[in-house]
Amino acid sequence: MRFRGLFTVSIGKLKGFSLSQPMNLTPTFFRDEGKPVEKLQALICYSSFSTNGDLKKGYEKMMLAKDLACLVEESSHKDERKVKSRMELKRSIELRVKKRVKEQFIDGKFRNLMVNVIAVPITLQDAYNCIKLNSNVDISVKDDSICFNSLAKELLDGSFDVGEDTVSFSTRGVAKEVLILPNPKMIIVQEAIRMVLEVVYRPHFSKISHGCRTGRGHLTALRYIKKQVSSPSWWFPLILNKKVDANIIAKLISKLEEKIEDDQLYVIIRSMFDAQVLNFEFGGFPKGHGLPQEGVLSPILMNVYLDFFDQEFYRLSMRYEALHQGDDKDEDKSHSKLRNWFRRQLKENDLKCTTNDNSGPRIYCCRFMDEIFFVVSGSKDIALSFKSEIVDFLKNSLRLDVDDEQTGVLPCDGSNGSRFLGALVKRRVQEGPATSAVHKLKEKVRLFASQKQDAWNVGCVGIGKKWLAHGLKKVKESEIKHLADSGSTLSKVSCFRKAGMETDHWYKVLMKVWLQDIKAKAAENEESILSKYVAEPALPHELKESYYEFMKCADEYVSSETATTLALLPNSSSNSGSVTITEILAPTDAIKKRLFRYGLTTSEGYPRAASLLVLQDSIQIIDWFSGIVRRWLQWYQDYDNFNEVKLLISSLLRKSCVRTLATKYRIHESEIEKQFDSELCRIPSIEEVEQELTYETSYSHPFDNDEALMYGISYSGLCLLSLARMVSQSRPCNCFVLGCSVAAPSVYTLHVMERQKFPGWKTGFTSCIHPSLNKRRIGLCKKHLKDLYLGHISLQSIDFGAWK
């Protein structure tokens, strides 16, 4: 704000300012930062004095100015004392790197990034701080374990040996699988390169790509399919399968050369591929879930490589949508379609534009890393033709293998749906208001009829039991043959009596004979026999007819067609419109199988104790279960069957946690719930999860869920550790987390529970750890063990080569 007013007073001097002269209060007035409080006091007081020199009022206003200035100073100190979250710190670090990268943009390309940005000690220090923030380590603590000046010098003079800064692991057995992981120095270099590539390519990535990008994760991908795809007719996913080879590396480097001119950078990247410390496999593991077998550079490089596909998709979609020859081949309409296509792209799939344009086919695509999903609004011939062209491009141009036989073109209105990112994508008819009202009325009628039927059955069974008691009484009194009603059921039973039967035993035998005579084996139970053959024949005929007539009318109404009922309603044509919507369903069967695979449930689906966790502390056990519940529920929060997932996960895992603690302490489960009542509250209930998700949606910082900054954390999945040994003075061990030098009190064994390679479209949220890391021992301090269990860090933050 600029103060241009001139104030003239005649009371001498105040706080060093001459008040007898005109004073111009411009922003230069505030440049002296030595005494901000005094200046604010003088400003308020100066503008408040009257021209008649009322010093008393001026003094009171000066005191008010002093109080206001103190409040301003206190609020400024509070802002300075506010602690930033680690995501805010990462964002500030990347903004500093972004400024350095932008300075190297010359003549339309980024030049000499290795010399001027990456191989600079301050950039390497920033990269290491990002790694420490990923590991939830305080970056204010000094760490002299790595000399950034010497590392920068090695990168500049070409003496940095990629092969020496790696560690390899292999599986046991004949068919060995080798995994090569980077050492801390190599991880720092990879992180520095990743930060630079993010700055260069982030603004140029396509809007159809999701995964490990700012504001574009798996939830945004599924939300795009659910909300922004209008009138779909056919859909199909594509499964890519290929290990990176020389052809893919050469094409990737050519893609990088379009925006970056730096031979030293490409030499480093090629050497990482040659040493196999940098690698990614298309379709081998769900991206982001199979950590740490993929480095920090894999996501950005995969998105850069598949940007070829994104551009080709736009070219094909423009040809199919804008230039598709319909029934009307008028030239003006062809140009109109082309203009509409460009308008749709500029408006980023605005539904108001897409729903009104039914002149031609529409093609949608959603790509999450290497998992691709297509939706076609048009004929099946167009869908098949488009799929054929896109598969040819992936095979011939990008040199990727496509398993297109297992992913055929399916109708969107089919009952089976399609799979993408582990979720089931289906179309469902959403009822209109009138149809919903009719169904509710039918449900009420069905419930009322069911209640009447239950009351009828209970009454008939009661009559049948009284009949049995009456028969037994007559047997004891030997009066059964003297019954007045010869047509009663009891008289019919007595007809089977033979000579020589004793009074105390003949009734039971005759009952068996009577049951065989009426073929009682076809009945469901004894109560149905009493109701059908004993009670109902004795009831009045009018009562039975009225009951069965009511049940018949109720069944006819419930089973009648909805359209017939709607026709009887007023204004039914305007209120009965139904809408077809897209549903995203979580794979509940796959969740149950994974719980069984991790030993948390039995084969029948009942919770059981986790034997591998029994030796750990009770708080660690509870944290492990709490981390699973929170991560899974956050992953599935936007799915349409989220209520079913909540009930499944929360109930089963809480009970499994209680049984694990009961096994540990060898006491009853009810006693465990009493003793650990406060600790078990860490496992959120369904209501607590709903409140947390609502709070995170409304009040969370925009950087907290930034997948470009949190890669590997939100996708970390399950990690099962068992206690291997306690650390002693003779066998010391430090924490294996990168950037942490705290002594580890215990050593844990990592268990790989999912050794198979699952494609992501089958498993969804999973943690396929490389089998070579099975039974590997790692040291963890208490803080980082809790962070790993609660999902605050991932396995990517662990230096598995610390033993070596």
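The values are calculated or read from the model by the stated rules, or taken from the named source; none is laboratory data. Just so it is clear, the model here is predicted, and its values are computed rather than measured. Note that we place each Cβ from the backbone using ideal geometry, even for glycine, and neighbour counts take in every protein chain shown. Accessible surface is based on the protein model in full, side chains and every heavy atom, while ligands, DNA and RNA are left aside. Shrake-Rupley method; radii C 1.70, N 1.55, O 1.52, S 1.80 Å.
With a Förster radius of 25 Å, plug the Cβ-Cβ distance of residue 730 and residue 145 into 1/(1 + (r/R0)^6) and report the FRET value to the nearest 0.05.
E between residue 730 and residue 145, to the nearest 0.05, is 0.55.
Could you order peptides 176-183, 235-242 by the average number of other Cβ atoms within 10 Å of their residues, highest first?
So the peptides 176-183, 235-242, ranked by packing, come out 235-242, 176-183.
Give me D for region 86-204 in µm² s⁻¹, whole number, from Stokes-Einstein with Rh from the Kirkwood sum over alpha-carbon pairs, 37 °C and 0.692 mPa s.
209 µm²/s
On full extension of the chain, what length is gained from residue 156 through residue 453, given 0.36 nm per residue of separation minus the C-alpha to C-alpha distance?
98.2 nm
So what does residue 439 come to for accessible area, using a 1.4 Å probe and Å² rounded to 10?
70 Å²
Near the amide H of residue 180, under 5 Å away, which other amide H atoms are found, from residues 5 or more places off or on another chain, if H is placed in the peptide plane?
When sequence neighbours closer than 5 places are left aside, the close amide H contacts are 169.
List every residue whose amide H lies under 5 Å from the amide H of residue 372, counting only residues 5 or more places away in sequence or on a different chain, with H placed 1.01 Å from N in the peptide plane.
Hits under the 5 Å cutoff: 238.
Using only Cα positions of region 614-666, each an equal point scatterer, no hydration layer, compute I(q)/I(0) via Debye at q = 0.20, 0.22 Å⁻¹ and quote the log10 values to two decimals.
Cα-only, vacuum Debye calculation for region 614-666: -0.68, -0.77.
Give me a comma-separated list of calculated 3J(HN,Hα) values for region 90-98, in order, Karplus coefficients 6.51, -1.76, 1.60 applied at θ = phi - 60°, integers in Hz, x for any Gly or Pro.
Taking θ as phi minus 60°, the curve returns 5, 5, 5, 5, 5, 5, 5, 5, 4 Hz for region 90-98.
What is the packing order of peptides 126-135, 605-614, taking the mean over residues of other C-beta atoms within 10 Å and listing the highest first?
Descending mean neighbour count gives 126-135, 605-614.
Amide H to amide H under 5 Å from residue 780: which residues, 5+ apart in sequence or cross-chain, H placed 1.01 Å off N in plane?
The answer is 736, 746, 748.
Given the C-alpha centroids of region 79-128 and region 594-616, what is the distance between them in whole angstrom?
Here the answer is 45 Å between Cα centres.
When you count, for each residue, the other Cβ atoms within 10 Å and take the mean per peptide, how do 624-634, 550-560, 737-747, 659-669 rank with the highest first?
Highest to lowest by the protection proxy: 624-634, 737-747, 659-669, 550-560.
Semi-axes of the equivalent ellipsoid for region 569-684, please: Cα gyration tensor eigenvalues, times 5, square-rooted, ordered largest first, whole Å.
38, 15, 13
Quick check: at a probe of 1.4 Å, how many percent of the accessible area of region 159-283 sits on carbon and sulfur atoms?
Its accessible area is 48 percent carbon and sulfur atoms.
Relative contact order for region 588-656 using alpha-carbon pairs under 8 Å, separation at least 6, rounded to a whole percent?
35 percent
Is there a pair in 185/242; 98/259; 444/552; 592/655; 426/646; 442/544 whose C-alpha atoms are over 22 Å apart, and which pairs would that be?
From the list (185/242; 98/259; 444/552; 592/655; 426/646; 442/544), the Cα-Cα distance tops 22 Å for 185/242; 442/544.
What part of the accessible area of region 366-422, given as a whole %, is carbon or sulfur when the probe is 1.4 angstrom?
Here it works out to 41 percent.
Mind checking the per residue accessible area of region 169-214 for me, 1.4 Å probe, whole number of Å²?
35 Å²
Between residue 164 and residue 436, how high is the FRET efficiency from 1/(1 + (r/R0)^6) when r is the Cβ-Cβ distance and R₀ = 51 Å? Nearest 0.05.
It comes to 0.15.
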